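A.B. asks: Sending over a structure as C-alpha cells; questions will come in a sec.
The values are calculated or read from the model by the stated rules, or taken from the named source; none is laboratory data. Because the structure is predicted, anything quoted here is derived from the model rather than measured. No Cβ is skipped: glycine too gets one built from the backbone with ideal geometry, and neighbour counts run over all protein chains shown.
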Amino acid sequence: MDRIRIRGGRALKGTIPISGAKNAALPLMIASLLTEETLVLDNVPRLADVSLLQHILGNHGVDVTLSGKRAGESENTGQTLQLSARTIVDTTAPYHLVSKMRASFWVIGPLVARMGEARVSMPGGCAIGIRPVNFHLDALRALGAEIDIEEGYVLARAPKGLKGARIEFSKVSVGATHTALMAASLASGETVIENAAREPEIADVAACLIKMGARIEGAGTSTIRVQGDKHLRAARHSVLPDRIETGTYAMAVAMTGGDVVLAGARAELLEVALDLLRQAGTEIAVTNEGIRVRRDGAGLTPVEVATAPFPGFPTDLQAQLMALMSRARGTSKITETIFENRFMHVQELARLGARIHLDGETAIIEGVEKLKGAPVMATDLRASVSLVIAALAAEGETMVHRVYHLDRGFERLEQKLAHCGAAIERVAG
C-alpha cells in the first residue's frame, strides 16, 4: 500500500493549477443516464472516484471514452470524457459497487426517471458518520415513484413516469438536491425544490442540465424550479474548479509561509474560507490567473468558526483548518455542525505535536510553536490531507499511510506540491 513521505520546513512558492471539482464531476457523470445522446464533460479530474464511477456507469450500459488531447491541452487542464447512455442494459446498482462510493447511489434518480424503475443498493456505512438516504427517497416519492426496500436494496418504480411536484427538504442535503434536480428534469410538469442545497456544484450540474434541454431556474438558491422534459439532448460542459482543493492548497501555503498562485481558482466559490485565512494573517489577492496566497514570517492568528452549508464555512475544509490552527499563536475553536464523527484526524495530528481538546462538537486548538514529524494514518479523504498540511511545516520526516484516501479526491497532489518546493514523494508498497 502506497505511502507519502514528507520532510517539512520548506515554504511553498510557485503556481498550483486547480483541478475540476470532484463534487461536481461525479453528479455530472451520473446525469449522462438522463439522455440517449452523448454528454461530453471537459476538465474532469483524474481521481480514483472518477475511475470507479466510470466502471459503475458502465455496468448500466454507459459507454465512457476518454478523448485524445487537443492542441495546447496539458495534464493540468483535466481530462475530457464522452458518456453515451444510448441503451440502459441494467437498472440495478449492486452492493459491491455502491458500497465503494456513496455518490453512486445518486443513479437512482436518473434511472427511475428515464426507465421507470431502479434497483439500487443501500450505500452502507460511512467513516465520517451517518448519511441517510431518506431525503433522496422522499423526493422521489413526491415525484410519484413507489419506493420499497427489500434485502438491502431500494426499489423505485414509476412505470407511467414521474410527475412534477413540490419537494421541501427538512434539512439541507447536497446529495438529495442532486437526486431531485436530475429526476425532475425528466418529470412531466413543474417541480419546485424548497430548502435546496446552494453549493456551487449544484449550480454547475443545473447549468449542464440546461444545456441538455432542461428548464431550470434558481439553482444556487434555496428554491429551484424545474420544468421537466421527456427528452434531454447531447451537450458539452466544463466542470467548475474545485473550491475544496483551492482552500486546501491555500491553507498549505499559509502553513508554510509561502507565496503561490492557485491558477484557475475562483474566489467567489469559497469567500468565507478566504476571509478566515485573511483573519489568520494570510494575504489573499484575486488575479487574472486565479488567487494568489501569501504569508510572510509573521505568526498565525487564531480563529473561531463553525461549519455550515454553503455559503458558510465548508465541512470539507474543517480538518485542513484545524491543521493550520495547530501552529497559531493562541487558541482556536472549530465547531462541526454537518457530520458527526468527523474529528478522527485529531489523534493523528496529536502525533505530530498538535494540542487539540474535544468538547462535544467543538475542537479547541492550542497553537504550538512547532510540530515534529511522525508516522501517521489517514482515516478519510479530508483528514488525510490535513496530515499533509501539518507535515509540510513539521520538523523532520512524516510518513502518511493509507494514501488511497488522497487519491480519491486530490489530483496529482505530490506533484503539485513538489513543483512548489515541498520535499514530498510517494513511496510504493
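A.B. asks: Just to be sure I understand, how many residues within segment 280-295 are assigned to a loop (DSSP other than H, G, I, E, B) and either more than 26 Å from the chain's Cα centre (by Cα) or under 17 Å from Arg327 (Cβ atoms) (or both)?
C.D. replies: Count: 4.
A.B. asks: Here's something else I'd like to know. In the list Met344, Met377, which residue meets the criterion of being out of contact with any strand residue (DSSP E or B) (no Cβ under 9 Å at 6 or more places or on another chain), farther than 24 Å from Gln279 by Cβ, of a type outside the set (Gly, Ala, Ser) and not assigned by TED's automatic domain parsing to the domain that holds Leu53? Working first, answer last.
C.D. replies: Values: Met377 fails: out of contact with any strand residue (DSSP E or B) (no Cβ under 9 Å at 6 or more places or on another chain).
Among Met344, Met377, only Met344 is out of contact with any strand residue (DSSP E or B) (no Cβ under 9 Å at 6 or more places or on another chain), farther than 24 Å from Gln279 by Cβ, of a type outside the set (Gly, Ala, Ser) and not assigned by TED's automatic domain parsing to the domain that holds Leu53.
A.B. asks: Next up: Is it true that some residue in segment 127-143 is part of a loop (DSSP other than H, G, I, E, B), modelled with pLDDT of 95 or more and assigned by TED's automatic domain parsing to the domain that holds Ile108? Quick ask: steps written out before the conclusion?
C.D. replies: At the first step, the residues of segment 127-143 found to be part of a loop (DSSP other than H, G, I, E, B) are 127-133, 143.
Now drop any that are not modelled with pLDDT of 95 or more, which leaves 143.
Those still in the list that are assigned by TED's automatic domain parsing to the domain that holds Ile108 too: 143.
Yes - at least one qualifying residue is present in segment 127-143.
A.B. asks: For Gly258, indicate whether it is out of contact with any Gly (no Cβ under 6 Å at 6 or more places or on another chain) and on the phi > 0 side of the Ramachandran plot.
C.D. replies: no
A.B. asks: With segment 196-279 as the region, which helices (runs of 4 or more DSSP H) entirely inside it contain at least 1 residues that are among the polar types (S, T, N, Q), within 23 Å of Val44 (Cα to Cα) and outside the structural domain of Val172 (by TED's automatic domain parsing)?
C.D. replies: Details: elements: 200-211, 243-256, 271-279.
The qualifying helices (runs of 4 or more DSSP H) are 243-256.
A.B. asks: Let me ask you something else. Quick one: what pairs do we get from segment 303-319, first residue under 14 Å from Leu277 (Cα atoms) and not assigned by TED's automatic domain parsing to the domain that holds Thr248, second aliphatic (A, V, I, L, M) and in a loop (DSSP other than H, G, I, E, B), C-beta under 7 Å, 6+ apart or different chains?
C.D. replies: none
A.B. asks: For segment 278-294, which positions are closer than 30 Å to Ile202 by Cα and either crowded, with 16+ Cβ neighbours inside 10 Å or at pLDDT below 95 (or both)?
C.D. replies: Ala280, Thr282, Ile284, Gly290, Ile291, Arg292, Val293
A.B. asks: Go through segment 40-52 and count every residue that is of a type outside the set (S, T, N, Q) and out of contact with any strand residue (DSSP E or B) (no Cβ under 9 Å at 6 or more places or on another chain).
C.D. replies: 4
A.B. asks: How do the pairs read when you match residues in segment 410-429 that are modelled with pLDDT under 95 with residues anywhere that are β-branched (Val, Ile, Thr) and in a helix (DSSP H, G or I), using Cβ under 8 Å and keeping only pairs 6 or more apart or on different chains?
C.D. replies: Phe410/Thr248; Phe410/Val385
A.B. asks: Would you tally the residues in segment 137-193 being under 19 Å from Val205 (Cβ atoms) and small (Gly, Ala, Ser)?
C.D. replies: Result for segment 137-193: 10.
A.B. asks: Restricting to segment 62-79, name every residue that is among the basic types (Lys, Arg) and either at pLDDT 90 or above or within 20 Å of Lys22 (Cβ to Cβ) (or both).
C.D. replies: Just the residues of segment 62-79 that are among the basic types (Lys, Arg), to begin with: 69-70.
Matches in segment 62-79: none.
A.B. asks: Shifting gears a bit: If the requirement is being farther than 16 Å from Ile18 by Cβ and surrounded by fewer than 19 Cβ atoms within 10 Å (Cβ to Cβ), which of these qualifies: Gly297, Gly257?
C.D. replies: After ruling out the rest, the residue left standing is Gly297.
A.B. asks: Quick test for you: out of Arg243, Arg225, Arg233, pick the one residue that is touching a Gly at 6+ places or on another chain (Cβ under 6 Å) and either closer than 30 Å to Ser170 by Cα or at pLDDT below 95 (or both).
C.D. replies: None of the other options fit; the residue is Arg225.
A.B. asks: Cβ-Cβ under 6 Å, sequence separation 6+ or interchain: first residue in segment 366-387 and free of Cβ contacts under 8 Å to residues at least 40 places away in the same chain, partner among the hydroxyl-bearing types (Ser, Thr, Tyr). Which pairs?
C.D. replies: If the second residue must be among the hydroxyl-bearing types (Ser, Thr, Tyr), the pairs left are Glu366/Thr331; Ala378/Ser384.
A.B. asks: Shifting gears a bit: Does Ile364 meet the test of being buried (at least 21 other Cβ atoms within 10 Å of the Cβ) and hydrophobic (A, V, I, L, M, F, W, C)?
C.D. replies: So Ile364 fails the test.
A.B. asks: Check whether at least one residue in segment 352-359 is among the small types (Gly, Ala, Ser), closer than 21 Å to Val253 by Cα and in contact with an Asp or Glu (Cβ under 7 Å, 6 or more places away or on another chain), and report yes or no.
C.D. replies: At the first step, the residues of segment 352-359 found to be among the small types (Gly, Ala, Ser) are 353-354.
Now narrow it down to the ones that are closer than 21 Å to Val253 by Cα: 353-354.
Subsequent filtering for residues that are in contact with an Asp or Glu (Cβ under 7 Å, 6 or more places away or on another chain) retains none.
No: zero hits.
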